[in-house]
1. Averaged per residue, what accessible surface does the chain expose to a 1.4 Å probe, in Å²?
2. Determine the percent antiparallel among the DSSP beta bridges restricted to the chain, to the nearest 5.
3. Output the relative contact order of the chain, whole-number percent, from Cα pairs under 8 angstrom with separation of 6+ residues.
4. Give me the percent of the accessible area of the chain that comes from carbon and sulfur atoms, probe 1.4 Å, all protein chains in place.
5. Which value in deg cm²/dmol, rounded to the nearest 500, describes the helix-derived mean residue ellipticity at 222 nm for the chain, given -39,500 (n - 2.57) per DSSP H run of n ≥ 4 and division by the residue count?
6. How fast does the chain diffuse by Stokes-Einstein, in µm²/s, taking the Kirkwood radius from C-alpha pairs at 20 °C and 1.002 mPa s?
7. Can you compute log10 of I(q)/I(0) for segment 17-62 with the Debye formula, treating each Cα as one identical point scatterer, at q = 0.13 Å⁻¹?
8. In a Gaussian network model over the chain where Cα atoms closer than 10 Å are linked, find which of 51, 11, 33 has the largest mean-square fluctuation.
Amino acid sequence: GDRPGLHHLSFEVADIDAVRRAEAVLRELGVEFAHDGIVPHGEGASSGGVFFTDPDGVRLEIYAPTGADVAPAPTPGAPTCGFF
């Protein structure tokens, strides 16, 4: 709300294993995640990833187009990114 023009920034990676590798590196760096681990973009979605903010408070995500449907969506009826 206090950053006009930039809602959030997302990075697509090739597959869910790349998301897992990125998550591991981010955890080693002490990043705090919006959700616990890799989650789908919404109920029934196969795409998904990890959601966090950078040191300046910019909302970020690293996601894959498929493979995240093994976990439940953390926010029923709403986008997982929680930014909308």
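The values are calculated or read from the model by the stated rules, or taken from the named source; none is laboratory data. Keep in mind that what you see is a predicted model, and the values were worked out from it rather than measured. Protein only, heavy atoms only, side chains kept; ligands, DNA and RNA dropped before computing areas. Shrake-Rupley method; radii C 1.70, N 1.55, O 1.52, S 1.80 Å.
1. Result: 61 Å² of accessible area for each residue.
2. The antiparallel fraction comes to roughly 70 percent.
3. Dividing the mean separation by the residue count of the chain yields 35 percent.
4. Looking at the chain in its full context, I get 54 percent from C and S.
5. My calculation for the chain gives -5000 deg cm²/dmol from helical runs alone.
6. Rounded to a whole number, D works out at 166 µm²/s.
7. Those come out to -0.27, one per q.
8. 11
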